[in-house]
Amino acid sequence: MNCILCNKPFIKGQKIVKHPDGDMHLSCVEAENKRIDAMDLEIAKTQEQIDIAESKDDFYKFCRYMDPAFFTDAKWHLKLAAEYMQQLALKEIPMLLVSMAPRAGKSYIVSLFHAWLIGKFPEDSSMRNSYAGELAEKFSYDIREMIQKPKYLNVFPEIKLKDNRKSINDWAVETARDSTYFCAGVGGAILGKGCRRIATLDDPIKNIEAAMSETIIDAVWNWYTSTHVSRMESGCSELHVATRWSRRDPIGRIIRDKKLEQIEPFVYRCGNAIAIVIPALIDGKSFCEEIHTTEEYLYIKSITEDFIWEAEYMQNPIESKGLLFPVEELKRFSLKEIDGKSYDAIIGFTDTADEGTDYLSSPVGKKIGEYTYITDVVFTQDPIEITEPLVAQQIIDSECELMKVESNSGGKSFALNVEKLIKGKSTCDVVFEPQTANKETRILMNAGYIKKHFWFREDYAPGSDYDHFMRALTSYVRLGKNKHDDAPDSVTGLAEYVKLLNGKTEKKKPPVGYYTDSELQDKGYKPYEIKQIKKTMCKPWERVK
């Protein structure tokens, strides 16, 4: 009997490997295994060479080659994003807007995108800015690490960092004409640099708190239009990657008033931009079970405020899902616009804090005709020994004439103490009254009146009581969970008070002659009316007997 591999006879003492098809010399088996391993290795090398060659010109294949464990077939959304990023890099489209749920891999693929751009277009420059300088620098560090890895150098072996251009926020490779990559945080300076290939704005708004702040969201837009855009050279393409927090965020303003045309699932054309929008749940199921399972997303949804879930996970801006007082629906003014204008009355309403985490909210409005202009606000969680003097000083400084205090929770004693504090310094009428109607119903019933007849300042300072008040007011949801309702509750109280006084706050025709305060009170004039009358009162010697 011969070995089925070499067809040579077996010699006594040789090791034999038994097999159903026939016996084999052990040495022959070992030699055959080595031959097969060598062939597999050659095939693998050939496949790797193919992958390397294709990665030079195909961004998604580059991603698969660099990290095959992460870029699986299940993550279809990354393949979709990569295809449009490649079109952006080749200038087939001028602008790409990408919005996905957290942890979807969008920042990672953008880092790989910039690494690929460096290899593909080594003479060009790109920039990537984010909400904070620290985050922008982290992205920069990640990319710089990527382009020095052996796998990357297999694809782009000519890429090498310049020794004299290694600053983390502005560095270059040896083939670059100037900067290869530079970055900054929103608000930071970018001087003397030009971006030729791709300008990326990656998560310019940090979180929901920033999204709810008018001052922050406007500052982001102003920085984008002034600093970010000013660094773009002619023909430079734009990539925006962000959670769709608000209609007033950069993506929202870019697509505002533009027709959305769906060109394939989750992809839209809007003007000259392409938008990719991928929500966490699609028809009630996770968009990608490898990112989060459906059960995990449903749990996250159950513990998250509705409007935050819609914005952060479903990419529906906060204004689109039940906000009762969205910023864009409120009337705005600056103090200088009403400075010097005559008014009917200055009216305030104070909602004292019920519990430890509640806010005292005290808006004061200047009533001019049918409109009420909210000129001043106290909005704080400070204890009563601090808030009583604060409201008293607010009454004095704003020249408030009528102040109503809700007396449900210690409001009566609060009002009496404030009245004592302003004695001799203000003639304001401080009244108190309990509120028995359902709070949510009152807010809903008065929302239309507030949006039509109330004006809110746009010139308040960031971090001020007015700023915190506006954030609380504009984050109140129509139906759902509201952690705090003090701002909308106090504005509702003021609206009800204004409506009650309508027709009673118009200035009465002043009496002819000169009268003392007590004489005017005897004639039925209120303190706020006396204050107005004395501005136009005749001289004592002109007094009519």
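The values are calculated or read from the model by the stated rules, or taken from the named source; none is laboratory data. Note that this is a predicted model, so its numbers are computed, not measured. Cβ atoms come from the backbone with ideal geometry, glycine included; neighbour counts cover every protein chain shown.
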Inset, instruction - For the range 301-337, name all the residues that are modelled with pLDDT under 95, surrounded by fewer than 17 Cβ atoms within 10 Å (Cβ to Cβ) and aliphatic (A, V, I, L, M). - result: ILE303
Inset, instruction - Starting from the range 353-382, keep only residues that are exposed (fewer than 15 other Cβ atoms within 10 Å of the Cβ), then list their pairs with residues that are part of a strand (DSSP E or B) whose Cβ atoms are within a distance under 8 Å, requiring at least 6 positions of separation or different chains. - result: ASP382/LEU360
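For PHE70, are the conditions met, namely being free of Cβ contacts under 8 Å to residues at least 40 places away in the same chain and under 21 Å from ASP142 (Cβ atoms)?
When the stated conditions are applied, PHE70 passes them.
Just the residues that are among the aliphatic types (A, V, I, L, M) and assigned to a strand (DSSP E or B), please, taken from the range 229-264.
MET232, LEU239, VAL241, LEU260, ILE263, listed by residue number.
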Inset, instruction - Those residues that are among the β-branched types (Val, Ile, Thr) and over 21 Å from ARG244 (Cα atoms), I need them from the range 103-150; list them, please. - result: ILE118, ILE143, ILE147
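Taking the range 206-236 on its own, how many of its residues are of a type outside the set (S, T, N, Q) and either closer than 24 Å to LEU90 by Cα or outside the structural domain of PHE307 (by TED's automatic domain parsing) (or both)?
8
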Inset, instruction - State all residues of the range 246-269 that are touching a strand residue (DSSP E or B) at 6+ places or on another chain (Cβ under 8 Å), in contact (Cβ under 8 Å) with a residue 60 or more places away in the chain and either more than 17 Å from TYR131 (Cα to Cα) or of a type outside the set (Val, Ile, Thr) (or both); if no residue qualifies, say none. - result: ILE254, ILE255, PHE266, VAL267
Legend entry - Positions within the range 107-126 being surrounded by fewer than 21 Cβ atoms within 10 Å (Cβ to Cβ) and more than 16 Å from LYS151 (Cα to Cα), in sequence order: SER107, TYR108, PHE121, PRO122, GLU123
Legend entry - Qualifying residues in the range 391-406 (those that are without any contact (Cβ under 8 Å) to a residue 40 or more places away in the chain and surrounded by fewer than 19 Cβ atoms within 10 Å (Cβ to Cβ)) - the one farthest from ILE347 (Cα to Cα): GLN393
Inset, instruction - Within the range 279-293, identify whether any single residue is touching a strand residue (DSSP E or B) at 6+ places or on another chain (Cβ under 6 Å) and either outside any loop (DSSP other than H, G, I, E, B) or not assigned by TED's automatic domain parsing to the domain that holds LEU97 (or both), and answer yes or no. - result: no
Inset, instruction - Tell me which residues, restricted to the range 152-161, are surrounded by 14 or more Cβ atoms within 10 Å (Cβ to Cβ) and either on the phi > 0 side of the Ramachandran plot or in contact (Cβ under 8 Å) with a residue 12 or more places away in the chain (or both). - result: TYR152, ASN154, VAL155, PHE156, ILE159, LYS160, LEU161
Legend entry - Any strands (runs of 3 or more DSSP E) falling wholly within the range 170-228 and containing at least 2 residues that are within 20 Å of the chain's Cα centre (by Cα) and either of a type outside the set (A, V, I, L, M, F, W, C) or surrounded by fewer than 22 Cβ atoms within 10 Å (Cβ to Cβ) (or both): 198-202
